[in-house]
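Asks: The following block contains the structure, expressed as structure tokens.
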């Protein structure tokens with residue numbers, strides 16, 4: 001199945017640069033969540049070779065995103081030469097420049113209690129920011145997309161990236177990850193929804209089903225024939241469908257739905273599989289993952 005193209009332009013290379021503290025790390029994390037292969041702090045001269053390797057690798061990623069900035073030191077001086085080389089080779093790419101007001105950057109550095117990369121040379125955060133801005137002016141002029149993050153929260157930055165870079169169809173794609181688990185092994189930390197399947201009879205107490213998992217057809221059928229299985233399944237699908245579009249509007253790229261039973265082998269596994277199959281049939285990107293199914297019983 002072909003992937004929906006992620007970026008608006010006919011290219012799968014994005015170079016992110018700009019002022020230190022302007023949000024490059026947040027932008028990278030968001031694009032990584034969208035399925036991009038992300039590399040931070042790569043010297044510009046290495047970008048063409050790295051991109052060629054990416055293309056030859058047959059990667060299933062949605063594209064490659066490279067952050068390159070003054071952290072590379074003198075190596076960053078090759079940025080303009082690299083851009084010229086990429087254009088001469090016919091490579092399609094975008095350069096996203098993240099800008100930010102000086103007072104906002106000073107405030108951010110105070111909050112995280114870190115020094116600006118150039119501060120050892122300038123002595124003060126403000127002077128370091130202004131020096132970096134001066135050095136980056138020629139790079140800013142090369143940018144295909146300029147995002148001012150001065151007044152943007154992380155969620156607003158994600159929306160700005162979607163508006164600037166992401167194809168309309170791709171921006172509407174939300175991945176659903178259904179994760180089965182056992183309560184006896186603890187709750188998963190990163191779920192958006194959590195459902196408890198322990199109200200259903202436990203196949204663990206059926207001797208011939210005990211060593212199996214919800215992936216086995218006889219266990220799956222046993223779980224799904226229970227009186228409340230179908231009503232619970234239908235209500236769960238209804239709830240998830242109710243929220244999907246709103247999650248997309250606020251910049252969510254994936255939903256993690258936790259499904260728990262006692263040991264994470266039978267009931268939760270069966271429901272994770274059924275839900276993933278249901279949403280795939282509806283044209284959604286959906287996967288089932290079984291955190292504890294392979295753990296020893298006891």
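Asks: Need the failing condition index for residue 53 against (1) out of contact with any strand residue (DSSP E or B) (no Cβ under 8 Å at 6 or more places or on another chain); (2) modelled with pLDDT of 95 or more, just the number.
Replies: (2)
Asks: Now, a different point. Given the conditions (1) at pLDDT 90 or above; (2) closer than 30 Å to residue 236 by Cα; (3) surrounded by 16 or more Cβ atoms within 10 Å (Cβ to Cβ); (4) in contact with a helix residue (DSSP H, G or I) (Cβ under 9 Å, 6 or more places away or on another chain), which single one is not true for residue 173?
Replies: Just one mismatch for residue 173, condition (1).
Asks: Would you point out which residue out of 108, 71 is modelled with pLDDT under 90 and either closer than 22 Å to residue 135 by Cβ or more than 25 Å from the chain's Cα centre (by Cα) (or both)?
Replies: Exactly one of 108, 71 is modelled with pLDDT under 90 and either closer than 22 Å to residue 135 by Cβ or more than 25 Å from the chain's Cα centre (by Cα) (or both), namely 71.
Asks: Now for a different question. Would you pick out the residues in the stretch 142-161 that are free of Cβ contacts under 8 Å to residues at least 40 places away in the same chain and exposed (fewer than 14 other Cβ atoms within 10 Å of the Cβ)?
Replies: Residues satisfying the conditions are 153, 156.
Asks: Return the residues of the stretch 242-258 that are in contact (Cβ under 8 Å) with a residue 24 or more places away in the chain and under 13 Å from residue 176 (Cα atoms); say none if nothing qualifies.
Replies: Here is the first cut: in the stretch 242-258, the residues in contact (Cβ under 8 Å) with a residue 24 or more places away in the chain are 244, 247-248, 250-258.
Of everything in the stretch 242-258, those that are in contact (Cβ under 8 Å) with a residue 24 or more places away in the chain and under 13 Å from residue 176 (Cα atoms) turn out to be 244, 247, 248, 252, 253, 254, 255, 256, 257, 258.
Quick grid of which residues meet (1) over 26 Å from residue 257 (Cβ atoms); (2) exposed (fewer than 13 other Cβ atoms within 10 Å of the Cβ); (3) touching a residue at least 12 places away in the same chain (Cβ under 8 Å); (4) out of contact with any helix residue (DSSP H, G or I) (no Cβ under 9 Å at 6 or more places or on another chain):
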{"position": "130", "(1), (2), (3), (4)": "yes, no, yes, no"}
{"position": "140", "(1), (2), (3), (4)": "yes, no, yes, no"}
{"position": "187", "(1), (2), (3), (4)": "no, yes, yes, yes"}
{"position": "209", "(1), (2), (3), (4)": "no, no, yes, no"}
{"position": "227", "(1), (2), (3), (4)": "no, yes, no, yes"}
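Asks: Being crowded, with 17+ Cβ neighbours inside 10 Å, in the same structural domain as residue 22 (by TED's automatic domain parsing) and not in a helix (DSSP H, G or I), is that true of even one residue in the stretch 51-61?
Replies: Taking every residue of the stretch 51-61 in turn, at least one turns out to be crowded, with 17+ Cβ neighbours inside 10 Å, in the same structural domain as residue 22 (by TED's automatic domain parsing) and not in a helix (DSSP H, G or I).
Asks: Quick one: would you say residue 240 is under 27 Å from residue 154 (Cα atoms) and surrounded by 19 or more Cβ atoms within 10 Å (Cβ to Cβ)?
Replies: Values: under 27 Å from residue 154 (Cα atoms): yes; surrounded by 19 or more Cβ atoms within 10 Å (Cβ to Cβ): yes.
Answer is yes for this residue.
Asks: From 77, 99, which residue is in the same structural domain as residue 161 (by TED's automatic domain parsing), under 29 Å from residue 127 (Cβ atoms) and free of Cβ contacts under 8 Å to residues at least 40 places away in the same chain?
Replies: After applying the criteria, what remains is 77.
Asks: Something else about it: Just checking, which of 25, 92 is surrounded by fewer than 15 Cβ atoms within 10 Å (Cβ to Cβ) and within 20 Å of the chain's Cα centre (by Cα)? Before you say what the answer is, go through the steps one by one.
Replies: Working: 92 fails: within 20 Å of the chain's Cα centre (by Cα).
Matching residue, one of 25, 92: 25.
Asks: Can you find a residue in the stretch 260-268 that is in a helix (DSSP H, G or I), surrounded by fewer than 20 Cβ atoms within 10 Å (Cβ to Cβ) and in contact (Cβ under 8 Å) with a residue 60 or more places away in the chain?
Replies: The answer is no; no qualifying residue exists.
The values are calculated or read from the model by the stated rules, or taken from the named source; none is laboratory data. All values derive from a computational prediction rather than experimental measurement. Here the Cβ is made from the backbone with ideal geometry for all residues, glycine too, and neighbour counts use every protein chain on show.
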